[in-house]
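Colleague: Below you'll find the structure I mean.
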């Protein structure tokens, strides 16, 4: 028998539930992907650059026109100017960008504070690099961070704190007060902030995304991760990027070059053009807020407990009035017997804490949501 690094790691819950949905012909509201098409203009731009012969390796760090417009966009939104030459790296998706940063910065024994429920790629990446995840459990229904608790966990071994706002899976967001508290408790430290902001443009109810880029004292030791897939409805293209100070970016690129070397060339060219249309991302929040409201309204008379998501394209539904089953058991039964697939939130929690809650993706057509709601109303 071959000895492996992670014998205890199993297949991602997203792959498991999507496969189960296919097996039982269930509507897949589990994995986070839209079931509608991206902009025809974007498709045309990719095709244009393929025909122009832009089909070979891009520069390792990414095409300069794309890096330049990312810097312009970031300055416009968050009043922070990054250097496109030394502080931006285009990656094969946000997950790779996260792995780049953790691998470049975390050494054996370094502690990384992780807020749980947490997106499932953080902890394996930390452990693969010899780091020690330190879990702080967020509590429903608001899933806000208790900064006094965070302060208690900070010690000389704390190397990194991972943020995620808007937050997957809960839909919670961080406020100015949250970032100010983070700034205060890390002010005299060298703690790196890894800020997963892939849903930065999907935020609701008049709230404004609080990127760490807005806070100079944090930005100088932060890595920001973002995703074109979430913004342009193209999750299958796996295109993302990281923003970080030059000395941190230099270390990140050392890892990046040996994982993928570079990201897709014609898509980079296309993105560098379509990002000139600011409305495509500035109006994204309203687009998804309408979908959130439509989905929740369809279920307003159900037995689910609904607290509207503040961001992302996910909605949590508490089923404690329906069943006392474990959320994993309930999720599988829901897919098999009622034909709707969702994600049990306990899989994101340290020690699988179960709060009788499922995550549903509403990045779907109205028709898909209507069919799913009709089935969910039978519970």
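Colleague: Which one of these does residue 5 not meet: (1) within 24 Å of residue 231 (Cβ to Cβ); (2) part of a loop (DSSP other than H, G, I, E, B)?
Modeller: Every condition holds for residue 5 apart from (1).
Colleague: Can you give me the number of residues within segment 121-131 that are closer than 21 Å to residue 225 by Cα and surrounded by fewer than 16 Cβ atoms within 10 Å (Cβ to Cβ)?
Modeller: At the first step, the residues of segment 121-131 found to be closer than 21 Å to residue 225 by Cα are 121-129, 131.
Next cut, surrounded by fewer than 16 Cβ atoms within 10 Å (Cβ to Cβ) only: 128.
The total comes to 1.
Colleague: Here's a follow-up. Only one residue in 217, 180 is farther than 30 Å from residue 306 by Cβ, in contact with a helix residue (DSSP H, G or I) (Cβ under 9 Å, 6 or more places away or on another chain) and surrounded by fewer than 16 Cβ atoms within 10 Å (Cβ to Cβ). Which one? Walk me through how you get there before you give the answer.
Modeller: Values: 180 fails: in contact with a helix residue (DSSP H, G or I) (Cβ under 9 Å, 6 or more places away or on another chain).
One residue alone meets the criteria, 217.
Colleague: Assess whether residue 73 counts as being closer than 28 Å to residue 259 by Cα, at pLDDT 90 or above and within 22 Å of the chain's Cα centre (by Cα). Full working, then the answer.
Modeller: Values: closer than 28 Å to residue 259 by Cα: yes; at pLDDT 90 or above: yes; within 22 Å of the chain's Cα centre (by Cα): yes.
For residue 73, the condition - closer than 28 Å to residue 259 by Cα, at pLDDT 90 or above and within 22 Å of the chain's Cα centre (by Cα) - is met.
Colleague: Which of the residues that make up segment 317-333 are buried (at least 20 other Cβ atoms within 10 Å of the Cβ) and either part of a strand (DSSP E or B) or touching a residue at least 60 places away in the same chain (Cβ under 8 Å) (or both)? Outline the logic, then answer.
Modeller: Of segment 317-333, the ones buried (at least 20 other Cβ atoms within 10 Å of the Cβ) are 317, 319, 327, 330-331.
Correct list: 317, 319, 331.
Colleague: Let me ask something else about it. Quick one: would you say residue 273 is farther than 24 Å from residue 99 by Cα, assigned to a helix (DSSP H, G or I) and in contact (Cβ under 8 Å) with a residue 40 or more places away in the chain? Quick ask: steps written out before the conclusion?
Modeller: Numbers: farther than 24 Å from residue 99 by Cα: yes; assigned to a helix (DSSP H, G or I): yes; in contact (Cβ under 8 Å) with a residue 40 or more places away in the chain: yes.
So residue 273 fits the description; yes.
Colleague: Continuing with the same structure: Can you pull out every residue in segment 283-316 that is under 14 Å from residue 373 (Cα atoms) and assigned to a helix (DSSP H, G or I)?
Modeller: Result: 291, 292, 293, 294, 295, 296, 297, 298.
Colleague: In contact (Cβ under 8 Å) with a residue 12 or more places away in the chain and surrounded by fewer than 14 Cβ atoms within 10 Å (Cβ to Cβ): which single residue out of 9, 13, 27 fits that description?
Modeller: Values: 13 fails: surrounded by fewer than 14 Cβ atoms within 10 Å (Cβ to Cβ); 27 fails: surrounded by fewer than 14 Cβ atoms within 10 Å (Cβ to Cβ).
Testing whether each residue is in contact (Cβ under 8 Å) with a residue 12 or more places away in the chain and surrounded by fewer than 14 Cβ atoms within 10 Å (Cβ to Cβ) leaves just 9.
Colleague: Another question about this same structure. Would you be able to say whether some residue in segment 37-49 is in contact with a strand residue (DSSP E or B) (Cβ under 7 Å, 6 or more places away or on another chain) and either at positive phi or not assigned by TED's automatic domain parsing to the domain that holds residue 338 (or both)?
Modeller: Keep residues of segment 37-49 that are in contact with a strand residue (DSSP E or B) (Cβ under 7 Å, 6 or more places away or on another chain), which gives none.
Among the residues of segment 37-49, not one is in contact with a strand residue (DSSP E or B) (Cβ under 7 Å, 6 or more places away or on another chain) and either at positive phi or not assigned by TED's automatic domain parsing to the domain that holds residue 338 (or both), which makes the answer no.
Colleague: Applying the selection to segment 145-195, what residues are assigned to a loop (DSSP other than H, G, I, E, B) and within 17 Å of the chain's Cα centre (by Cα)?
Modeller: Step one: filter segment 145-195 for residues assigned to a loop (DSSP other than H, G, I, E, B), giving 145-146, 154-157, 165-175, 186-191.
Scanning segment 145-195 gives 165, 166, 167, 168, 169, 170, 171, 172, 173, 174.
Colleague: Going residue by residue through segment 102-115, is there one that turns out to be crowded, with 18+ Cβ neighbours inside 10 Å, at pLDDT 95 or above and within 23 Å of residue 327 (Cβ to Cβ)?
Modeller: To start, the set of residues in segment 102-115 that are crowded, with 18+ Cβ neighbours inside 10 Å comprises 102-106, 110-115.
Then keep just the ones that are at pLDDT 95 or above; that gives 102-106, 110-115.
When the remaining residues are screened for being within 23 Å of residue 327 (Cβ to Cβ), the result is 114-115.
There is at least one residue in segment 102-115 that is crowded, with 18+ Cβ neighbours inside 10 Å, at pLDDT 95 or above and within 23 Å of residue 327 (Cβ to Cβ).
Colleague: Given the residues 254, 326, which is the only one that is farther than 30 Å from residue 82 by Cα and either at pLDDT 95 or above or in contact with a helix residue (DSSP H, G or I) (Cβ under 9 Å, 6 or more places away or on another chain) (or both)?
Modeller: Working: 254 fails: farther than 30 Å from residue 82 by Cα.
Exactly one of 254, 326 is farther than 30 Å from residue 82 by Cα and either at pLDDT 95 or above or in contact with a helix residue (DSSP H, G or I) (Cβ under 9 Å, 6 or more places away or on another chain) (or both), namely 326.
Colleague: For segment 349-379, name all the residues that are modelled with pLDDT of 95 or more, assigned to a helix (DSSP H, G or I) and in contact with a strand residue (DSSP E or B) (Cβ under 7 Å, 6 or more places away or on another chain).
Modeller: 368, 371, 372, 375, 376
The values are calculated or read from the model by the stated rules, or taken from the named source; none is laboratory data. If you're wondering where the values come from, they're calculated on a predicted model, not measured in any experiment. Glycine gets a Cβ as well: all are built from the backbone with ideal geometry, and neighbour counts include every protein chain shown.
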